1. Would you please put 37-44, 201-208, 220-227 in order of how densely packed they are, using the mean number of other Cβ atoms within 10 angstrom per residue and starting with the highest?
2. What's the exposure ranking of 34, 109, going from fewest to most Cβ atoms within 10 Å?
3. Give me Rg over Rh for region 40-158, both radii from the alpha carbons and Rh done the Kirkwood way, two decimal places.
4. Please arrange 1, 25, 180 by counting, for each residue, the other beta carbons lying within 10 Å of its beta carbon, fewest first.
5. So what is the relative contact order of the chain, in percent, for Cα pairs below 8 Å that sit 6 or more residues apart?
6. Put one equal scatterer on each alpha carbon of the chain, apply the Debye formula with no solvent term, and list log10 I(q)/I(0) at q = 0.12, 0.13, 0.17 1/Å to two decimals.
7. Helix-derived [θ] at 222 nm for the chain: sum -39500 (n - 2.57) over DSSP H runs of at least 4, divide by residue count, nearest 500?
């Protein structure tokens with residue numbers, strides 16, 4: 001799978017990209033969690049907008065055991081191609097300017113049980129791709145299970161993933177928060193959404209939550225309740241924090257799940 005948004009969402013030059021991520025990681029406040037990391041909510045905008053928040057989560061990933069191979073299930077959303085169910089990216093690997101990341105054999109195993117691969121949904125889709133250079137820097141050995149959602153039932157996806165959430169598997173729910181609100185209103189809306197995530201309030205999230213990737217959030221929430229994970233906010237910002245314009249902003253949050 002090609003790195004289709006390299007050069008727009010993040011630098012296409014490998015050295016420039018590595019410096020950019022290293023700077024974000026170095027400048028991010030280190031957040032300590034009282035347990036083993038199991039899942040993260042992470043933003044998926046252009047790096048100049050959401051990189052500072054994403055790096056807070058990837059600093060937690062970088063603290064994991066570097067000697068083992070980590071399987072990272074990434075739940076993104078299809079911004080451009082609607083469909084029902086899920087679409088699993090059963091490619092051999094995903095390209096990044098920093099080198100390819102292999103796709104786990106679990107992807108094809110899940111395809112057999114879920115029965116859906118829609119190639120055009122993955123083409124030019126950024127919600128999974130923007131996570132990959134950060135993963136490449138944060139983990140020495142990593143393989144991914146790329147899953148796109150559209151008209152998708154979170155419980156179905158949680159049922160599918162739960163048997164595979166072993167000690168070598170991480171889950172990433174890729175999502176931004178509120179969109180195109182004045183900065184002060186965005187912060188109010190996002191504070192509510194983040195509080196409902198921490199509190200585990202699925203009903204309010206479904207009714208009033210502000211996030212483009214709500215399916216991934218709800219899937220993670222269902223799994224966290226079933227598997228006994230705690231939830232904690234790690235970072236938050238709006239696009240105004242990096243670009244200054246407060247008239248219409250996008251919110252970015254990072255939440256960690258741990259046990």
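Just so it is clear, none of the values below were taken in a lab; they were calculated from the coordinates. Predicted model only: the values in this text are computed from it and were never measured. Cβ: placed from backbone, ideal geometry, glycine included. Neighbour counts: every protein chain shown.
1. My ranking of the peptides, most packed first, is 37-44, 220-227, 201-208.
2. With the fewest neighbours first, 34, 109 line up as 34, 109.
3. Result: Rg/Rh = 0.95.
4. 180, 25, 1
5. Relative contact order comes out at 29 percent.
6. -0.64, -0.76, -1.43
7. For the chain, the value works out to -11500 deg cm²/dmol.
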